[in-house]
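To start, the structure under review is shown below, and the notes come after it.
The values are calculated or read from the model by the stated rules, or taken from the named source; none is laboratory data. All values derive from a computational prediction rather than experimental measurement. Cβ: placed from backbone, ideal geometry, glycine included. Neighbour counts: every protein chain shown.
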Amino acid sequence: MSNDRYVSPLSERYASKEMQYIFSPDMKFRTWRRLWIALAETEYELGLSQDGKPVITKEQIEELKAHAEDINYDVAKAREKEVRHDVMSHVYAYGKQCPNAAGIIHLGATSCYVGDNTDIIVMTEALKLVKKKLVNVMDELARFADQYKALPTLAFTHFQPAQPTTVGKRATLWLQEFSLDLEELDFVLSNMKLLGSKGTTGTQASFLELFNGDQETIDKIDPMIAEKMGFSECYPVSGQTYSRKIDTRVANVLAGIAASAHKMSNDIRLLQHLKEVEEPFEKSQIGSSAMAYKRNPMRSERIASLSRYVMIDALNPAITSATQWFERTLDDSANKRLSIPEGFLATDGILDLCLNVVDGLVVYEKVITKRLMSELPFMATENIMMDAVKAGGNRQELHERIRELSMEAGRNVKELGKENNLLELIAEDEAFNMSLEDLQKTMDPSKYVGRSKEQVEKFLETVIYPILEENKELLGVKAEINV
């Protein structure tokens, strides 16, 4: 690594090698060559000829295939310095390796044939890797939710104590958001189509010339190219490029995942502040340069940080899509080179961090129980009141007494720093006719979590486990965190 120039932290710190390869020059230019082979094969199979003689021969195609992988980058780079055109530089370099086929490379195509089709192929492969990691995050969250489905914990609305839930039930809220992201991802992935080969303005005029106006034959070109490249079809119409709205669709999927990850990481950060749940903290990890005792939730913070980047990044392709002129302008190119790869690289880093954090979450059950029990007397007042009414009390009078006693207990906690003594105050009040022992029997947290445990079980059984079973070949990923 050179230390005298900028290096993207997405490649050095956050993204995996797998995602980096998908957006590498090697992936790009090898795909270009595969596309040139697919085009030549299609033209050959459709009988492209001149004066009764085939324009493309089997031998030329075999020559192209023989050099599909060994790209002569030095020749291409030298040529690009002369002609200032990346596609024609690689056509030239490929031709130098394939002298017999040099004249038929890129026949009838425009630069977007290799550029745009490759972009679709690369994004499709990147979406597959995102899906793989997302499914594994969901798998780990499902395990966590199931493990802690019955552990009562204080719930919060407005970050104020509210009716209890369970640790596992809270995790299903994170899990459900990721499952919605997976739905979106699957939809976009299943609808990815190639541009095909439609020429400079999308009219296929060059193929009309090549095939002497044979409309039936020309209709076969795009489907054949799509099949050779592993796609079901091409977009039916286009300008010179595929619609930039496709990039917007893809970026919005990434932004959705980022939003879900951000929400989960924020919750974990708050829980770590409460000392209830803690992200993994390695034996020799340093939390603070000044405060040696600190255990900062740095991975969850990094998830939030990268997620904000991805959510904002989704604006780039949306604006690019909106500002394309007619059949094409080139003000998309520089933006696409940044926004799409970096959106994927950041999302890849986010999911690796999520997988690492969820896999190693530490739950401090005694802290959770202590906090819950300190608030539970307030939560239990309705049940206490109902029991007192059953014993002959007046509901309205008891409601007012509980309100007054709750306010007194609250003052003891907030103003005097004392323990919550609401149960003692109720036991001393003759209106309730209940002993402290009777009241303490109501302090079983499991009585106040509603159907949390059952909801977790049903959600996992009916929603998540079928998803994991459907995608079981993707499971087994373990994340490596670089820094």
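A few remarks follow.
- Checking each residue in the range 184-214 for being closer than 30 Å to residue 52 by Cβ and in a helix (DSSP H, G or I) picks out 205, 206, 207, 208, 209, 210.
- Unique residue being of a type in the set (Lys, Arg), under 30 Å from residue 137 (Cα atoms), touching a residue at least 24 places away in the same chain (Cβ under 8 Å) and surrounded by fewer than 18 Cβ atoms within 10 Å (Cβ to Cβ) when the list is 447, 458, 478, 472: 478
- Entry remark, the range 215-254: residues being in a loop (DSSP other than H, G, I, E, B), under 22 Å from residue 190 (Cα atoms) and touching a Cys at 6+ places or on another chain (Cβ under 6 Å) number 1 in total.
- Entirely in the range 295-391, the helices (runs of 4 or more DSSP H) that have 1 or more residues that are within 23 Å of residue 259 (Cα to Cα) and touching a Ser or Thr at 6+ places or on another chain (Cβ under 6 Å): 298-313, 315-322, 333-359
- Whichever residue in the range 9-21 is of a type in the set (S, T, N, Q) and at pLDDT 90 or above and, among such residues, is nearest to the chain's Cα centre (by Cα): 16
- Per the conditions (1) of a type in the set (Ser, Thr, Tyr); (2) in contact with a helix residue (DSSP H, G or I) (Cβ under 7 Å, 6 or more places away or on another chain); (3) within 25 Å of residue 348 (Cα to Cα), the sole criterion not satisfied by residue 190 is (2).
- Candidates in the range 62-113 are the residues that are more than 28 Å from residue 211 (Cα to Cα) and among the basic types (Lys, Arg); of these, the one that is surrounded by the most Cβ atoms within 10 Å (Cβ to Cβ) is 79.
- Restricting the range 1-22 to residues that are surrounded by 11 or more Cβ atoms within 10 Å (Cβ to Cβ) and of a type in the set (Phe, Trp, Tyr) leaves a set whose member that is farthest from residue 480 (Cα to Cα) is 21.
- Pairing residues of the range 144-161 that are touching a residue at least 40 places away in the same chain (Cβ under 8 Å) and at positive phi with residues that are of a type in the set (Phe, Trp, Tyr) and in a strand (DSSP E or B), at Cβ distances under 6 Å and at least 6 apart in sequence or on separate chains, gives no pairs at all.
- Residue 157 surrounded by fewer than 18 Cβ atoms within 10 Å (Cβ to Cβ) and hydroxyl-bearing (Ser, Thr, Tyr): yes
- Where a residue in the range 108-128 is farther than 23 Å from residue 204 by Cβ and its partner, wherever it lies, is outside any helix (DSSP H, G or I), with Cβ under 9 Å and at least six apart: 122/23; 123/192; 124/192; 124/230; 124/231; 126/23; 127/192
- Yes/no for residue 409 being modelled with pLDDT under 85 and among the small types (Gly, Ala, Ser): no
- Members of the range 419-455 found to be part of a loop (DSSP other than H, G, I, E, B), on the phi < 0 side of the Ramachandran plot and more than 46 Å from the chain's Cα centre (by Cα), listed by number: 421, 429, 430, 431, 432, 434, 435
- Count of residues meeting criterion [free of Cβ contacts under 8 Å to residues at least 40 places away in the same chain and surrounded by 14 or more Cβ atoms within 10 Å (Cβ to Cβ)] in the range 206-226: 6
- Qualifying positions in the range 63-121 - in contact with a helix residue (DSSP H, G or I) (Cβ under 6 Å, 6 or more places away or on another chain), hydroxyl-bearing (Ser, Thr, Tyr) and not in a helix (DSSP H, G or I): none
- Tallying residues that are surrounded by fewer than 18 Cβ atoms within 10 Å (Cβ to Cβ) and in contact (Cβ under 8 Å) with a residue 40 or more places away in the chain within the range 388-403 yields 2.
- Residue 189 vs. criteria of a type in the set (A, V, I, L, M), within 23 Å of the chain's Cα centre (by Cα) and under 21 Å from residue 118 (Cα atoms): yes
- Here residue 255 does not fit the description of being in contact with a strand residue (DSSP E or B) (Cβ under 9 Å, 6 or more places away or on another chain), among the small types (Gly, Ala, Ser) and closer than 26 Å to residue 131 by Cα.
- Annotation note: of 412, 383, the sole residue that is without any contact (Cβ under 8 Å) to a residue 40 or more places away in the chain and of a type in the set (S, T, N, Q) is 412.
- Where residue 275 falls short, out of the listed (1) at negative phi; (2) assigned to a loop (DSSP other than H, G, I, E, B); (3) modelled with pLDDT of 95 or more; (4) not polar (S, T, N, Q): (1)
- Qualifying positions in the range 227-255 - under 18 Å from residue 203 (Cα atoms) and hydrophobic (A, V, I, L, M, F, W, C): 234, 237
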